[in-house]
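What follows is one structure encoded as structure tokens, with my remarks underneath.
The values are calculated or read from the model by the stated rules, or taken from the named source; none is laboratory data. Owing to the predicted nature of the structure, the values given are computational and were not obtained by experimental measurement. We place every Cβ from the backbone using ideal geometry, glycine too, and count neighbours over all the protein chains shown. The protein model used for the area step is the full one, side chains on, heavy atoms only, and it has no ligands, DNA or RNA in it. Shrake-Rupley method; radii C 1.70, N 1.55, O 1.52, S 1.80 Å.
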Amino acid sequence: MVTAVEIPTGNTPALTPARRGFWRNLWRVLRRKPTRVAGAVIVALFVVMGVVGPFLYPANLPTDPGNAYAGPSGSHLLGTDFQGTDVLALLVTGSRYVLVAAVIAAACTVVVGTGIGLYAGYRRGGPDSVLMRITDFIITIPGLPLLLVLSTLWKYSNPLTMGLVLGVTGWGSVARAVRSQTLSLRERGFIEAARGLGLSTAHVVRKELLPNVAPYVAMNLLISVTVYIYLEVGLFFLGVLPFNENNWGVMISQAVQNGVTQTGQGLAYLLSPLVAILLLTLGIVLLVDAMDEVFNPRLRED
Amino acid sequence: MIHKKRSLDGATRESLDRATNGTGTDGTGTDGTGTDGTGTAGAIEARGIVKSFKARGDVLAGRTVRALRGVDFRIPPGGAASFIGESGCGKTTLGRILAGVESFDSGELVLGGVPLAGLAPRKRAPHFRRVQLIHQDPYSALNPTRTVESILRDPLALRAKQTGQSRAWIDGRAREVLDLVGLDPGYVLPRFPHQLSGGMRQRVVIARALTVDPAALVADEAVSMIDVSLRLGVLNLLRELRSTLGVSVLFITHDVATARYIGADGELYVIYRGEIVEHGPTETVLADPVHPYTQCLLSAIPVLHGVEQPGADRLAPTEPLDESQPEDGCLFAARCPFATDRCRTEHPELGHLGGTAHEHACFYPQRRSVVATPLADT
Amino acid sequence: MTAATQATTSTAAAAPPAVTIRDLTIVYRTPAGELPAVSGVDLDLPPGTITGLVGESGSGKSTLALSLLGAVQRPGRIAAGSIHVDGLGNLVELSAKSLQEARGGEIGYVFQAAQNSLNPLKTVGKQLLDLGRSHGVRDRTALVRSAKELLAGMGLDAARVLDSYQHELSGGMRQRVGIMFALVLNAHVLVLDEPTTALDMISQANVLKIVRAVHTERGLTTLLVTHDIGVVAEVAERIAVMYGGVVVEQGETADVLRAPKHPYARALINAIPRVSGDLSAARPLPGRPPTLGTIPTRGCVFRERCAVYAERQLPACVAEQPPLAPVADGSGRLVACHAVAVEDQQATGETA
């Protein structure tokens, strides 16, 4: 219905210091809700795990066939796998590939998608039509089969390759969404004013449009990380991709192939990577909620 | 003839130099720019501007709407011209054409003494830059994610790059333009638009326009979204800028009283369906309108009963504008209380009333006193 | 008998109801605690009159208008006071169900920007039937008939309008459709929130003419909320001026416009440029209107911008908000100003 009054976001809105660094803004916004702090802690834990984790374990994890499918215990917190390898060690060393590939893919998506969306929306006309046809083409490419076909060329042994392939095929919807936001922003007076003042297209796109689509882009960045994790894990789970490195998808695939779902033996082995994925997704979802406030000075005030 | 052409070319070059290289006297500050503005700005003139749109998404979908049907006007440097008319009459389009954000189909535009007809689009830009648009909604006209300081800095930085000015000049100039619009730089610079009142936001918009030393401001309903108690402050500011900087003001509104406040000493143009139907010195047209459309428009202004008495000949409100009404004959004939058969078949041209500066496009011009006047005892 | 049949049979039979608002306080929950948007407002809408409620942004006028509809939305709530409407009782104490019936039933409301408040996906006629259904109207023919009568009375082609979508109507037409929706269930209290804001002068004059006509024809008690004193001057018998959540002056429109007593009312009227007369008579008002967070919590809400306070510095102005009290001249004018009260006392002291 009608909002009859403008609810002040703070007790002395006119007096709050206006400019702060991005990180300080982020911290202030996160502090406002405990759920956001929780989300940030979870995400930070996974980042640390991906960066530091693999250094904590030897390159080749020890096996102990006599102790396969063990349940959680003091020496093996999350139990062991079919070879008797520690599941926690597998989980930690396997996180890097998954996370790096997902982050690279998300970064690709956002950079390419935002760039194309902004440019097409701002220029309209010919460039817009051409870019949107390309975007539609990208959107219609069935991602999974393409990845399978490409697996004959690349072995995805490197998370960089994996991330690039995922990112390059996945930016379509972001580009479309950013374009439509840009089209509506374009009609706002400040864009017209910037052009009227003789400011360049690069300026308008970078300094006028980008900050206004930033919350949207940041949300997309975070959410596409989770989407790409699912996609990667799915690919490895299917086992269609050859692998020569340990990762979460491989863990699930191995657990299922070794009959954990039938026997129930070594359940911790199957559940650990699944719970890790769920936890990371939860952390990211909790963080997404803060993005609007981080980038919008009006919502950012105490 | 040849001499005249050469002097025009001279003006072209001079004006281009100004626009692309800056005035060179900017460093001396406000006064320098001000006198400079009056000195070389020249008039703004429009001749026979025509603009059509393809209507979409409503009753008239697919039809061509003729937004402007050959509009002529002239504003001297530091002068004021007000355009009044209903919504949809083309007044907003006219302002946007002047500021270069909208193209036009035919006609000629002279900005700061320079005819744009012969110039390539790229060469036109610096001239259009000297006409700055002040939007109706000061909130949407300012980027919500940026502070006033960064909003003002960008156009100034561009300017500094072109003229080789220093960083200190940018800072100083940002404070100067805020001073000019009556804002305290210390308070305003670090703030975001939403932390300012409507009146302050509109002043920031005007300050931003002043960063390019404009010859003219096009104010399109510039105060209609501002609180009543703050409007007069913004209107006074526009009046001051006319006298101190020699900036001419083109005021577009449906609120006749604010148009009068800005340009009582200027010209008033009454525009109807893309055509000027009456024009003259503001006070003359308001006191003695001769075109029935002007009379209807002025009759629609609310009367402050108790303080004012309605004009003796005040007309009843006509039906609102309907673009599907016939276009042969006088465009206003279908709504005009005084229309005759001649009005429905023959199109009246704009002509002078008995040799005065007062122009009208009506076959039967008759003075009617429609505007409310103050009661004698107040 | 349904509301719709009443509408056709006994349009002006019932006497218009009186609306009496007493000590109404409406607060909004904010991060800084509960802040009053409307504080201790007394307002009378005498039966059969049009009252203009004038104020700037943040004055609380729209919140006050919404409270008449029993539709103050969270985070806002009515903290104290009563809204008495003849035939309905105290709205503050009504159950949710009776309030729902009163809305659009006895009390018609034309929303701010009514031009855009229609559902773009449904025709006007379809929305009319929806309204009837939600109010339990059984006689749909009678409902459509009374809608057509109203539309025709406002100079519209009723059949065509009912068959139109929002985008097929002009701004002025939509505003009339909004008025039709407010009145079709036979409302006797009409609240118009900024009815002419987005309209040009000619459409505004048309809408005001219609408001006047339906008001008289149907025997209504009307509240017109606006920031534009001209609109009030044109159609309203009475005017109430709001500032910072408080009614500062209330009286006959012509009286108040001729000789405003409250410094804010005076400054506001003086700040409007006119189409004739002396231009230099218009004076800007210093400062800015307060927002919910910046309304002074102690003393007079207008103190900071007040010319009289600047000159006379009455201690009372700092100490407390003056009550809305009758002026001594016997005109029935109510003013909330310490300085006016002091003058009145001196004047009566001298004559006594």
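Inspect segment C:137-148 for any residue being of a type in the set (Lys, Arg) and crowded, with 18+ Cβ neighbours inside 10 Å and give the result as yes or no.
Yes, that holds for at least one residue.
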Where B:Asp255 falls short, out of the listed (1) free of Cβ contacts under 8 Å to residues at least 24 places away in the same chain; (2) open to solvent by 10 Å² or more (accessible area, probe 1.4 Å): (1)
Subset of segment A:267-299 (residues that are open to solvent by less than 30 Å² (accessible area, probe 1.4 Å) and not small (Gly, Ala, Ser)): A:Tyr269, A:Leu270, A:Pro273, A:Ile277, A:Leu280, A:Thr281, A:Ile284, A:Leu287, A:Val288, A:Met291, A:Val294, A:Pro297
Residues that are of a type in the set (Ser, Thr, Tyr) and open to solvent by 40 Å² or more (accessible area, probe 1.4 Å), drawn from segment C:111-136: C:Ser117, C:Ser134
Output for segment B:113-161, where each listed residue is aliphatic (A, V, I, L, M), at the interface with another protein chain (Cβ under 9 Å from one of its Cβ atoms) and open to solvent by 20 Å² or more (accessible area, probe 1.4 Å): B:Ala125, B:Leu133, B:Leu158
A:Thr161, sole failed condition from (1) modelled with pLDDT of 85 or more; (2) open to solvent by 10 Å² or more (accessible area, probe 1.4 Å): (1)
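Could you tell me which of the residues B:Met200, B:Met225 is among the hydrophobic types (A, V, I, L, M, F, W, C), over 20 Å from B:Ala259 (Cβ atoms), within 12 Å of chain C (Cβ to nearest Cβ) and open to solvent by 10 Å² or more (accessible area, probe 1.4 Å)?
Values: B:Met225 fails: over 20 Å from B:Ala259 (Cβ atoms).
Going through B:Met200, B:Met225 in turn, the sole match is B:Met200.
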Top-ranked residue in segment B:290-332 [being of a type in the set (Asp, Glu) and assigned to a loop (DSSP other than H, G, I, E, B); ranked as farthest from the other protein chains (Cβ to nearest Cβ)]: B:Asp328
Criterion: surrounded by 14 or more Cβ atoms within 10 Å (Cβ to Cβ), over 21 Å from C:Ile50 (Cα atoms) and free of Cβ contacts under 8 Å to residues at least 60 places away in the same chain - qualifying residue of C:Ala328, C:Ala281: C:Ala328
Any hit, segment A:238-248, residues being in a helix (DSSP H, G or I), modelled with pLDDT of 80 or more and open to solvent by less than 20 Å² (accessible area, probe 1.4 Å): yes
Selected residue (criterion: nearest to A:Met162 (Cα to Cα)) from residues of segment A:113-133 that are assigned to a helix (DSSP H, G or I) and open to solvent by 80 Å² or more (accessible area, probe 1.4 Å): A:Arg133
Test: residue in segment C:215-235 that is in contact with a Pro (Cβ under 8 Å, 6 or more places away or on another chain), surrounded by 22 or more Cβ atoms within 10 Å (Cβ to Cβ) and over 12 Å from C:Gly52 (Cβ atoms): yes
One residue from C:Leu292, C:Leu334, C:Leu314 being open to solvent by 30 Å² or more (accessible area, probe 1.4 Å), touching a residue at least 24 places away in the same chain (Cβ under 8 Å) and touching an Asp or Glu at 6+ places or on another chain (Cβ under 8 Å): C:Leu334
Per-region count, segment B:143-162, residues in a helix (DSSP H, G or I) and touching a residue at least 40 places away in the same chain (Cβ under 8 Å): 8
Any chance A:Leu148 is in contact (Cβ under 8 Å) with a residue 24 or more places away in the chain, over 30 Å from B:Phe128 (Cα atoms) and part of a helix (DSSP H, G or I): yes
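Yes/no per residue for (1) crowded, with 18+ Cβ neighbours inside 10 Å; (2) assigned to a loop (DSSP other than H, G, I, E, B); (3) of a type in the set (D, E, K, R):
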site: A:Val178; (1), (2), (3): yes, no, no
site: A:Phe190; (1), (2), (3): yes, no, no
site: A:Ala194; (1), (2), (3): yes, no, no
site: A:Gly198; (1), (2), (3): yes, yes, no
site: A:Arg206; (1), (2), (3): no, no, yes
site: A:Leu209; (1), (2), (3): yes, no, no
site: A:Asn220; (1), (2), (3): yes, no, no
site: A:Tyr228; (1), (2), (3): yes, no, no
site: A:Gly234; (1), (2), (3): no, no, no
Pairs where the first residue, in segment A:51-79, is without any contact (Cβ under 8 Å) to a residue 40 or more places away in the chain and the second is assigned to a helix (DSSP H, G or I) and not β-branched (Val, Ile, Thr), C-beta under 8 Å, 6+ apart: A:Tyr57/A:Ala89; A:His76/A:Asn67; A:His76/A:Leu88; A:Leu77/A:Leu88
Residues (touching a Leu at 6+ places or on another chain (Cβ under 9 Å) and either facing another protein chain (nearest Cβ under 9 Å) or without any contact (Cβ under 8 Å) to a residue 40 or more places away in the chain (or both)) located in segment A:166-184: A:Thr169
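Give the residues of segment A:39-75 that are in a loop (DSSP other than H, G, I, E, B) and surrounded by 13 or more Cβ atoms within 10 Å (Cβ to Cβ), sorted by residue number.
Step one: list which residues in segment A:39-75 are in a loop (DSSP other than H, G, I, E, B), which gives A:57-64, A:68-75.
Answer for segment A:39-75, where residues must be in a loop (DSSP other than H, G, I, E, B) and surrounded by 13 or more Cβ atoms within 10 Å (Cβ to Cβ): A:Tyr57, A:Leu61, A:Thr63, A:Asp64, A:Ala68, A:Tyr69, A:Ala70, A:Gly71, A:Pro72.
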Inter-residue pairs, beta-carbon under 6 Å, first within 14 Å of another protein chain (Cβ to nearest Cβ) and in segment A:207-224, second charged (D, E, K, R) and open to solvent by less than 20 Å² (accessible area, probe 1.4 Å), 6+ apart: none
Criterion: under 30 Å from C:Gly171 (Cβ atoms) and crowded, with 16+ Cβ neighbours inside 10 Å - qualifying residue of C:Leu99, C:Leu45: C:Leu45
Index of the failed condition, C:Gly332 passing every other in (1) within 28 Å of B:Pro310 (Cβ to Cβ); (2) within 11 Å of chain B (Cβ to nearest Cβ): (2)
Options C:Val110, C:Val92, C:Val85: the member that is within 14 Å of chain A (Cβ to nearest Cβ) and among the β-branched types (Val, Ile, Thr): C:Val110
Lone qualifier among B:Val277, B:Val285 - being touching a strand residue (DSSP E or B) at 6+ places or on another chain (Cβ under 7 Å), of a type in the set (A, V, I, L, M, F, W, C), open to solvent by less than 10 Å² (accessible area, probe 1.4 Å) and more than 13 Å from chain C (Cβ to nearest Cβ): B:Val277
Lone qualifier among B:Gln132, B:Gln165 - being outside any helix (DSSP H, G or I) and more than 24 Å from B:Arg203 (Cα to Cα): B:Gln165
Single residue of segment B:74-112 satisfying the filter (aliphatic (A, V, I, L, M) and more than 30 Å from C:Ser203 (Cβ to Cβ)) that is nearest to the other protein chains (Cβ to nearest Cβ): B:Leu111
